[in-house]
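The values are calculated or read from the model by the stated rules, or taken from the named source; none is laboratory data. Owing to the predicted nature of the structure, the values given are computational and were not obtained by experimental measurement. Please note: Cβ atoms are built from the backbone with ideal geometry, for glycine as well, and neighbour counts cover all protein chains shown. For accessibility, only protein heavy atoms count, side chains too; no ligands or nucleic acids. Shrake-Rupley method; radii C 1.70, N 1.55, O 1.52, S 1.80 Å.
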Amino acid sequence: VSSAVCCRLTPLQKANVVNMFQTKTGSTALAIGDGANDVSMIQEGRVGVGIMGLEGAQAALAADYAIPRFKHLKRLCCVHGRYAVVRNSLCVEYSFYKNMIIALVQFIYSNYCGYSGQTLMDGWLLAFFNFAFTSIPPLFLGVFDKDVNEDALMNEPDMFPGLADGLYFDGPTLARWFGEAIIHSIVLFYVTYPTMLAGDVQQFRVMDINMFGTVLMTSTIYLVLTKNVLHIRYWQAVQVGGFVFSYLLYLVFVLIYAAIPSLFGDTIFYYSTYTLMEDPKYWMYLFLFVIGMLFPIDVAAMFVQRQLFPTIVDTMQDRYESSN
Amino acid sequence: MSAEADARPEKEFGNAFFQAQMKHTYAQVSPQAVILCLFVIAVVFIPVGAATIIATDAVFEWSDRYDHLNRCTHSNHGSAETHPLGNSTVASGCFTNVGFRLDQTLVPPIYIYYRMKGFNQNYRLYAKSFNEAQLSDRDYGLSDLDDCDPKKTPTDGTITIGTETKALNTIPYAPCGQVPWSMFNDTISLFRVPDEATAAAISQDTPVLPSGVTPICVGDAFSRSTNKPTVATGCVKEGIAFSQDVESRFKANPSSSASAWTGNGYTGVTDNAFFNEGYYNNEAGHRIPLIPDEDFMVWSRIAPLADFRKPYRKITVGLQRGLYLWRILERFDTTSLGAEKYAVLATTAWIGTKNPTLGALYLTMGSISLVLAFGFVGMYIARSKE
């Protein structure tokens, strides 16, 4: 049975039908109605849509979403609903990714410091990592991004079924993000490991754990920010501003922090950014991670997937956006 | 189905922003852009990688392990030096000699490092066992030094300084903590050996070197507080620590008093010879580090791994090909820790000390980019023929 028609139902019976559907199949029901007798059904469904108008505003007042005409349901689901899925998924996946990287790098290091809880990076940099340095990317992804043009979504019925199948948030996609976090953290740690051993800076001096942590933190932050840039599909002025601001914020922060001789009695970070910036090696590591690793691997993989194994999203993107 | 043309509001910024209808562009992953980027990466990374590898190949590095020869421990040691203690003396320390041959001429500056393997400066309780306010000459109270435990103050007993008697556990060590207490204090010197016969006459613990052996760098010919040489020698100590350490972070140089037990010793009358000499309490010969000592600054920079090296001296004379000798006065016991000590001789290039990994990685990623770029060109041509 793929559809059923019920008629002459009381409000309670309508609610029971929706409830039965949701509990028996486990799926999410969207209940839509325009009158006071639809209110209990709208509230029972996980998504309730009320239509304003002919029979008054009760249905609209009780609903999660209110639309003026029934025909607008198409736009609500195909465009706004889809964008909500895209944005939520990307925001959540990206947040997991960046947090996993910073935690895993420290976890790998714990094997080398006897599990004593010594952090590799400076405490203030860690404290601001989520709060300031990498807070804008997931926020702006979650607010502004669109994966396909609205016209494509309204005109191509093939775009819709994917929403019901766990679009952008299914098992394989999550596994890919988590796998990338694990691989990137292993690469970040072990590629800089020889420098951790030798520790040379300013030609012959040897840096300490705090300075090395700053090298690793800088590489991590710019790697994570650039990975976000690769996932942004819809570029507009605010999005550009957001990513430029994030790139600059960390730079300005470490420059200012290193100019403070004593912060609540701690002197360890004083001048360390300037010391590191003088040494060409640290710029080389930064470019290696941000450009040398992301382009040949991530961008190339993305390109191969689009050319050789395009999904319906890729096809529609090409068809509708090349004329933009 | 025709596109639903709902009346769109005018595109003022505020309205366009809230309606998500701003001027925009969708990211295009076009073949031209990707191939161009990959070519640019290859063209930049491959030469840089090659230059880095060439530079690092020209760098000289030589290290000798020396702790396993005499296994100088706290309880089993020689009498390399005698320490005055009140009216008597205490002898400790071992002489260790390690010969090596230099096959190339080295141009100054040449650096001496000491390297330790198996010593974990990176344990959390150790890494915070010192007090930065005390080191940088800022105000602090006795309770601020709690991170330094158990090396915050001497433990039990009292001391009479002049006419005043104080409990020992109210006088903090300056600098306090396990980091200063465990400071590396071997003295490493470099000598030139004229010929094989003289080299053969020197064994691993010969206390007096035969004549003919000339000193190049005498490790302890330097003042602990000014870091300047006390005797003319072919190396310098100033400059091994970071300039921010010398100028700002390690500015203090306290004198011993009723409120600080320092390595400067005390010239007045007390009942504790260790305090007068500037040793740790009940540890004859174990001198408390002086804060302005650049060796101490270098040691205080906590190393991230259990295998680390730290700069020791900078040799300012050239080294010819030939036979050389490390002569080390061992005071630091690593045998009971299971750790190892090495003396390292190294030169540097613009890339720093010997580190081939970065160059290799640049070459690898550049080559991968090049291969991918050609691959994508081929794929593009093949597909546009379809």
Unit-weight point scatterers at every alpha-carbon of segment B:60-348, Debye formula, q = 0.06, 0.08 1/Å: log10 I(q)/I(0) is -0.20, -0.36
Measuring from its Cα centre, the protein assembly as shown shows a charge dipole (+1 at each Lys and Arg Cβ, -1 at each Asp and Glu Cβ) which, in debye to the nearest 20, is 920 debye
Projected onto the charge dipole of the protein assembly as shown (unit charges on the beta-carbon of Lys, Arg, Asp and Glu, signs +1, +1, -1, -1), the Cα from B:Asn97, B:Asn227, B:Ser182 with the largest positive-side position is that of B:Asn97
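Which pairs, out of B:Lys152/B:Lys310; A:Lys98/A:Lys146; B:Lys117/B:Lys151; A:Lys281/B:Lys237; B:Lys128/B:Lys341; A:Lys281/B:Lys151, put more than 29 Å between their alpha-carbon atoms? Let's see the in-between values first.
Numbers: B:Lys152/B:Lys310 25 Å; A:Lys98/A:Lys146 21 Å; B:Lys117/B:Lys151 24 Å; A:Lys281/B:Lys237 25 Å; B:Lys128/B:Lys341 23 Å; A:Lys281/B:Lys151 38 Å.
Where the Cα-Cα span goes over 29 Å, the pairs concerned are A:Lys281/B:Lys151.
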In whole percent, the fraction of accessible protein surface over segment B:252-386 that belongs to carbon or sulfur atoms, probe radius 1.4 Å, stands at 58 percent
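Could you please put B:Val298, B:Val44 in sequence from largest to smallest accessible area, using a 1.4 Å probe?
On the way: B:Val298 15, B:Val44 75 Å².
Output order, biggest surface exposure first: B:Val44, B:Val298.
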Which of B:Ile41, B:Ile53, B:Ile288 fluctuates most in a GNM of chain B (C-alpha springs under 10 Å)? That residue is B:Ile41
Per 10 angstrom bin, beginning at 0 and ending with the bin that holds the maximum distance, the Cα pairs of the protein assembly as shown fall in percents of 2, 12, 18, 18, 14, 11, 9, 7, 5, 2, 1, 0
Ignoring ligands and nucleic acids, A:Glu150 exposes an accessible area, probe 1.4 Å, in Å² to the nearest 10, of 20 Å²
Within the set B:Ile216, B:Ile112, B:Ile161, GNM on chain B using Cα springs under 10 Å gives the largest fluctuation to B:Ile161
Spelling it out for B:Asn131: with amide H atoms placed in the peptide plane at 1.01 Å from N, the residues 5 or more places away or on another chain with amide H under 5 Å from its amide H are B:Cys176
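On the protein heavy atoms, probe 1.4 angstrom, tell me the percent of accessible surface of chain A carried by carbon and sulfur.
Numbers: 9590 of 14440 Å².
Carbon and sulfur: 66 percent of the exposed surface of chain A.
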Segment B:194-241 and segment A:228-291 have their Cα centres apart by a whole-number Å value of 44 Å
Of B:307-313, B:168-174, B:198-204, ordering from highest average Cβ density within 10 Å down gives B:307-313, B:168-174, B:198-204
If unit charges are put on Cβ atoms (+1 for Lys and Arg, -1 for Asp and Glu) and the dipole of segment A:11-68 is taken about its Cα centre, the option from A:Val17, A:Ser27, A:Ile42 lying farthest towards the positive end turns out to be A:Ser27
GNM on chain B, Cα springs under 10 Å; top mean-square fluctuation among B:Tyr362, B:Tyr342, B:Tyr279 goes to B:Tyr362
Here the Kirkwood hydrodynamic radius of chain A, Cα-based and in Å, equals 23.3 Å
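To the nearest hundred square angstrom, how large is the accessible surface buried between A and B, total for both chains, probe 1.4 angstrom? Intermediate results must be reported in sequence, preceding the final value.
Working: alone 17600 and 21000 Å², together 32130 Å².
Its buried surface, counting both partners, is about 6500 Å².
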When the charge dipole of the protein assembly as shown is computed with +1 on Lys and Arg Cβ and -1 on Asp and Glu Cβ about the Cα centre, the Cα farthest towards its positive end, among A:Met121, B:Trp261, B:Ala51, belongs to B:Ala51
Cross-link reach from A:Lys24 to lysines, straight Cα distance under 19 Å and at least 8 residues apart if same chain, gives A:Lys14
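Averaged across the residues of A:264-271, what count of C-beta atoms belonging to other chains lies within 10 Å of each residue's C-beta?
Details: counts 2, 9, 3, 11, 5, 1, 8, 7.
Mean number of neighbouring Cβ atoms from other chains: 6.
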The alpha-carbon center of segment B:67-122 and that of segment B:312-345 are separated, in whole Å, by 7 Å
Dividing the helical contributions, -39500 (n - 2.57) per DSSP H run of n ≥ 4, by the residues of chain B yields a 222 nm value, nearest 500 deg cm²/dmol, of -7000 deg cm²/dmol
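Can you give me the accessible area per residue for segment A:77-323, using a 1.4 Å probe, in Å²?
Per residue, segment A:77-323 has an accessible area of 38 Å².
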Phi-derived 3J(HN,Hα) across segment B:92-98 with the Karplus relation (6.51, -1.76, 1.60, θ = phi - 60°), rounded Hz, x for Gly and Pro, is 7, x, 10, 8, 10, 10, 10
Rounded to a whole number, the mean other protein chain Cβ count within 10 angstrom for residues of B:300-312 is 6
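Based on Cβ point charges of +1 for Lys and Arg and -1 for Asp and Glu, what charge dipole magnitude is obtained for chain A about its Cα centre, in debye rounded to the nearest 20?
Numbers: 19 positive and 25 negative charges, 118 e Å.
Rounded to the nearest 20 debye, it is 560 debye.
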